[in-house]
Amino acid sequence: MTVHDGATADPHKAIHPGAGRRRGRNMPKGRQVDLGALFEVRALLGTRSRQRDLLIEHLHLIQDEYGHLSAAHLAALAEEMNLSLVEVFEVASFYAHFDIVLDGETPPPPLTVRVCDSLTCALSGAQALLDALPARLGSGVRVVRAPCMGGCHNAPVTAIGHALHEHATIDSVVAAATAGETHPHVPDTIDFAAYRAAGGYRVLEDCLAGKRDVESMLKLLEDSQLRGLGGAGFPTGRKWRLVGAQPAPRLMAVNADEGEPGTFKDRYYLENDPHRFLEGMLIGAWAVGVTEIYIYLRDEYPQCRELLEQEIAKVEAAGLTRGLPIHMRRGAGAYICGEESAMLESIEGKRGLPRHKPPYPAEVGLFGRPTLINNVETLFWIRDIVEQGPAVFAKDGRHGRKGMRSFSVSGRVKSPGVKLAPAGITANELIAEYCGGMLDGHVFKAYLPGGASGGVLPASMADVPLDFGTLEPLGCLIGSAAVVILSDKDSMREVALNLLRFFEDESCGQCTPCRAGTEKAVKLMERQRWDEGLLDDLTRVMMDASICGLGQAAMNPVRSVLTHFREELGLGERPASDRNGT
């Protein structure tokens, strides 16, 4: 029988390695591994490595093949990877996209339809889909609610099997599910040949050939004032310099796990011009001197994964990677893994629990090595900065700001989508100049300037420049520049409750302030009258004591609504001595 390297050819030894070390009864300890399940797992894994950090990848293989993770398959995988069953189970149970079926439980139907009920999809009728689809699709299809899928500009969004189905209606979902349209559609894109023909990879080739040096590259980035565009805004040139100064070997991790409700800009750039991102990534790897690259892509973007796998193979075949390993790692439905240290844990095949800092990933990151972490859009702009000079990213701003920003705009506007606009543009200008105005019959009422965690501002404050540092005095954040536009048809109470339910679902549960605080906040907000004092107390505790940004920022929308929409909540004027939000 064929086995992987290091495995025994004796199936009894493979199943019960501890059988010869009995204690008391003549039985192996722990759960006995089913022989059939073990052979099925071995057949799926084939010649793939059994290394610990591939656990999530191997769980995906089983889930994709069988539609769920049976207890027998989990035990077999643990045996095959030389892990304890609890190690496998705790990882599988952490991620939303894994369906564990224990002994005696009924497996889910062969097809699952996920309906996004995050804010923009909720505004566009997600609840009507959730109410109607179970009866229309029948017992052979499971319909479940799901968090943001990165299609806010095409709301409402569903996933039929593992394929995005956008602008969803009841009839269109039923038709697609009936026709078996469950495979992701890979979009047309600027492929390798087209990108090369337009001058692509020349900057990288100059770097590899020694025509450019690392110091000049770092100086270009520093002069451009490019900041991390995933939300934190750390200066990119400074980060590259810090990581490059650490002892080798150094690694690189690309954060492509944008999961903030309202955010879809990384998806846009991956689908439309993937090689501009890939070239920036390889330039970064050269400048910092990394030995391996890991791309962590959210599971909701299967079309991007297929596209990247195809195009990366072409880059490697052209010799442009110089043998540098590029690993694609697949998320599994956990918003928290957009937090950089939680992403590192997930890449290592663990639960996505944020790490305590310091040390920071630049010093102790992936597998304990210094790690450069950038998001997709940050790397996307590297080639332009090098070819056109640092001024290209430091000009064209408005209202005293510099540079361009990619705004993911959704909600009550005529033309939602990714809008490349000057940094410092206001919400009023963004709606009028880039989005075709408000939807007919809707009056601009409020907006989220930075996604679910960025707070909420009224339309009367829509002339504030949108950029780093401009919104903090108002208790808000620009974050990843996800702008959701709300109208007079929207209840601010329901908007805030929708956002807090998202954070309650997505809390990793590691720290009590976030785990218990988000749950308590939802319960308080579901009451007819909000207990402002308790909500204030929760806000202070969560901001001060949560481990990561999820818990620290989760109450931002509540603070904003309590500040700016008190009349709608039936609350009187707030005494100045009680204000702690803005």
For region 121-151, the count of residues that are assigned to a helix (DSSP H, G or I) and open to solvent by less than 10 Å² (accessible area, probe 1.4 Å) equals 4
Expected output for region 224-240 (first residue in contact (Cβ under 8 Å) with a residue 12 or more places away in the chain and crowded, with 19+ Cβ neighbours inside 10 Å, partner part of a helix (DSSP H, G or I) and aliphatic (A, V, I, L, M), Cβ below 6 Å, 6+ apart or cross-chain) is Ser224/Ile385; Thr236/Leu221; Gly237/Leu218; Gly237/Leu221; Trp240/Leu218; Trp240/Ala287; Trp240/Val288
In region 63-97, residues that are closer than 14 Å to Pro108 by Cα and either basic (Lys, Arg) or touching a helix residue (DSSP H, G or I) at 6+ places or on another chain (Cβ under 8 Å) (or both) total 5
From the option list Gly389, Gly437, Gly400, Gly417, single residue qualifying as touching a residue at least 60 places away in the same chain (Cβ under 8 Å), farther than 27 Å from Ala285 by Cα and in contact with a helix residue (DSSP H, G or I) (Cβ under 9 Å, 6 or more places away or on another chain) is Gly417
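Listed here are the residues, each with its yes/no results for (1) closer than 30 Å to His442 by Cβ; (2) surrounded by fewer than 22 Cβ atoms within 10 Å (Cβ to Cβ); (3) modelled with pLDDT of 95 or more; (4) acidic (Asp, Glu).
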residue	(1), (2), (3), (4)
Met343	no, no, yes, no
Gly349	no, yes, yes, no
His356	no, yes, no, no
Leu372	no, no, yes, no
Counting only residues that are small (Gly, Ala, Ser) and either without any contact (Cβ under 8 Å) to a residue 12 or more places away in the chain or over 21 Å from Ala462 (Cβ atoms) (or both), region 486-507 contains a total of 1
Of the candidates Pro108, Pro147, Pro134, the one satisfying the condition of being within 20 Å of Thr182 (Cα to Cα) and touching a His at 6+ places or on another chain (Cβ under 7 Å) is Pro108
Residue hits (region 163-186; modelled with pLDDT of 95 or more, open to solvent by less than 40 Å² (accessible area, probe 1.4 Å) and part of a loop (DSSP other than H, G, I, E, B)) are Ala168
Practice task
Kindly indicate whether any position in region 259-282 is touching a strand residue (DSSP E or B) at 6+ places or on another chain (Cβ under 6 Å), open to solvent by 10 Å² or more (accessible area, probe 1.4 Å), closer than 25 Å to Ile160 by Cβ and in contact (Cβ under 8 Å) with a residue 40 or more places away in the chain.
Solution key: yes
Of the residues in region 301-323 that are open to solvent by less than 30 Å² (accessible area, probe 1.4 Å) and of a type outside the set (Val, Ile, Thr), the one that is farthest from the chain's Cα centre (by Cα) is Leu320
Within region 432-459, residues part of a helix (DSSP H, G or I), open to solvent by 10 Å² or more (accessible area, probe 1.4 Å), in contact with a strand residue (DSSP E or B) (Cβ under 7 Å, 6 or more places away or on another chain) and not aromatic (Phe, Trp, Tyr) come out as Ala459
Quick count over region 75-96, residues being more than 27 Å from the chain's Cα centre (by Cα) and among the hydroxyl-bearing types (Ser, Thr, Tyr), is 1
If we keep only residues of region 458-481 that are in contact (Cβ under 8 Å) with a residue 60 or more places away in the chain and small (Gly, Ala, Ser), then the residue farthest from Glu429 (Cα to Cα) is Gly475
The condition from (1) of a type in the set (A, V, I, L, M, F, W, C); (2) free of Cβ contacts under 8 Å to residues at least 60 places away in the same chain; (3) open to solvent by less than 10 Å² (accessible area, probe 1.4 Å); (4) touching a Ser or Thr at 6+ places or on another chain (Cβ under 7 Å) that Leu524 misses is numbered (4)
With the condition kept exactly as written, say whether any residue in region 101-120 is assigned to a helix (DSSP H, G or I) and over 27 Å from the mean Cα position of the chain (by Cα). no
Note: among Asp273, Asp266, Asp213, just one is modelled with pLDDT of 95 or more and closer than 25 Å to Gly352 by Cα, namely Asp266
When every residue in region 381-422 that is open to solvent by 20 Å² or more (accessible area, probe 1.4 Å) and in a helix (DSSP H, G or I) is compared, the one nearest to Leu466 (Cα to Cα) is Phe393
Assess whether Pro156 counts as being open to solvent by 50 Å² or more (accessible area, probe 1.4 Å) and touching a Ser or Thr at 6+ places or on another chain (Cβ under 6 Å). no
Inside region 303-350, the number of residues satisfying the requirement of being β-branched (Val, Ile, Thr), in contact with a Phe, Trp or Tyr (Cβ under 9 Å, 6 or more places away or on another chain) and free of Cβ contacts under 8 Å to residues at least 60 places away in the same chain is 1
Wholly inside region 1-79, helices (runs of 4 or more DSSP H) that include 1 or more residues that are open to solvent by less than 20 Å² (accessible area, probe 1.4 Å), at pLDDT below 95 and under 21 Å from Met328 (Cβ atoms) are none
Taking region 460-497 and keeping residues open to solvent by 30 Å² or more (accessible area, probe 1.4 Å) and in contact with an Asp or Glu (Cβ under 8 Å, 6 or more places away or on another chain) leaves Ser491, Arg493
Exercise. Do we have any residue at all in region 423-431 that's within 22 Å of Leu221 (Cβ to Cβ), under 28 Å from the mean Cα position of the chain (by Cα) and open to solvent by 10 Å² or more (accessible area, probe 1.4 Å)?
Worked result: no
Those helices (runs of 4 or more DSSP H) completely within region 514-566 that have 2 or more residues that are among the hydrophobic types (A, V, I, L, M, F, W, C), touching a Leu at 6+ places or on another chain (Cβ under 7 Å) and more than 17 Å from Gly454 (Cβ to Cβ) are 532-545
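The values are calculated or read from the model by the stated rules, or taken from the named source; none is laboratory data. Bear in mind that the values here come from a model prediction, so they are computed numbers and not experimental data. A quick note on method: Cβ atoms are made from the backbone with ideal geometry, for glycine too, and the neighbour counts reach across all protein chains shown. The accessibility values were calculated without ligands, DNA or RNA, using every heavy atom of the protein model including side chains. Shrake-Rupley method; radii C 1.70, N 1.55, O 1.52, S 1.80 Å.
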